[in-house]
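Below: the structure, in structure tokens.
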């Protein structure tokens, strides 16, 4: 057997196991808690706007069609389609748990480099996450209300991932780079995706009133900001408390 | 000197695997909830994808 094989099959050390469980536990707590709050906020503040837009997307309502249309129609499915709302809660909690896993992993790296990670500094981590995953891609690909015209979804996803990745590197450089070059590179990484431009539709076909579209984007950003700050705070807090618990148990 | 080197190498190695595992797992989760276009997944996550600003359709 070669030395390489011995290394690969070597059982995980206790330190690695502790690190695994500390990252997983704090990320699950933080993601589930922040995701649940985000889901409830979305159901109250975003879902009515989305359901309203769907009345125009389906053609049930048409504006500029001759007669004036009430801006306050009865919304079908609001708090009545429980399966749909429950799925939204589950998927929001999953999404923010995914974000929390990435955040806690990076927090452990930052702590290893001597930076303080707790509930207070977690707010900054949350703001950075919001900027990287919501504001940076949303600055050009605005949160879409149902029914808007958009370019090919695959092309937009490629642009979305590239923009998020560039923003993550940029924010890490701003937070931990500490010299002029890192700020310049960060600024370039933040600007480039928007100067290059996102995939755009060839023609506009959106049937949804602009008032609804603007409110939807504003609400999506608002709830995103709240959710991310909560993820950051909870992640920093649980990272500390799980660390103390592991130390006490050792 | 020797001890210091061993400790540093060990700390880096124990940290690297859990960190990469968590990042890849997290990325996998948001790819599933936010981006995979399979019809069942898309329909179930539809409202969340719009509300979270993912490219949806």
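A few points about this structure:
- Restricting attention to the stretch A:101-115, the residues being more than 7 Å from chain B (Cβ to nearest Cβ) and surrounded by 24 or more Cβ atoms within 10 Å (Cβ to Cβ) number 2.
- Selected residue (criterion: farthest from the other protein chains (Cβ to nearest Cβ)) from residues of the stretch B:27-52 that are surrounded by fewer than 23 Cβ atoms within 10 Å (Cβ to Cβ) and not in a helix (DSSP H, G or I): B:38
- Any hit, the stretch A:126-136, residues being part of a loop (DSSP other than H, G, I, E, B) and in contact with a helix residue (DSSP H, G or I) (Cβ under 9 Å, 6 or more places away or on another chain): no
- Residues that are touching a residue at least 12 places away in the same chain (Cβ under 8 Å) and away from chain B (no Cβ under 13 Å) are absent from the stretch A:149-159.
- Within the stretch A:145-177, the residues that satisfy the criterion of being closer than 19 Å to residue A:206 by Cα and touching a helix residue (DSSP H, G or I) at 6+ places or on another chain (Cβ under 6 Å) are A:145, A:146, A:147.
- Residue in the stretch A:75-96 that is more than 7 Å from every other protein chain (Cβ to nearest Cβ), without any contact (Cβ under 8 Å) to a residue 12 or more places away in the chain, under 18 Å from residue A:229 (Cα atoms) and outside any helix (DSSP H, G or I) present: no
- The set of residues from the stretch A:142-167 being under 18 Å from residue A:221 (Cα atoms) and part of a loop (DSSP other than H, G, I, E, B) comprises A:142, A:143, A:144, A:145, A:146, A:148.
No value in this document is a laboratory result; all are computed from the given coordinates. Worth saying up front: this structure is predicted, and the values here are computed from it rather than measured. Using ideal geometry, Cβ is built from the backbone for each residue, glycine included, and neighbour counts are taken over all protein chains shown.
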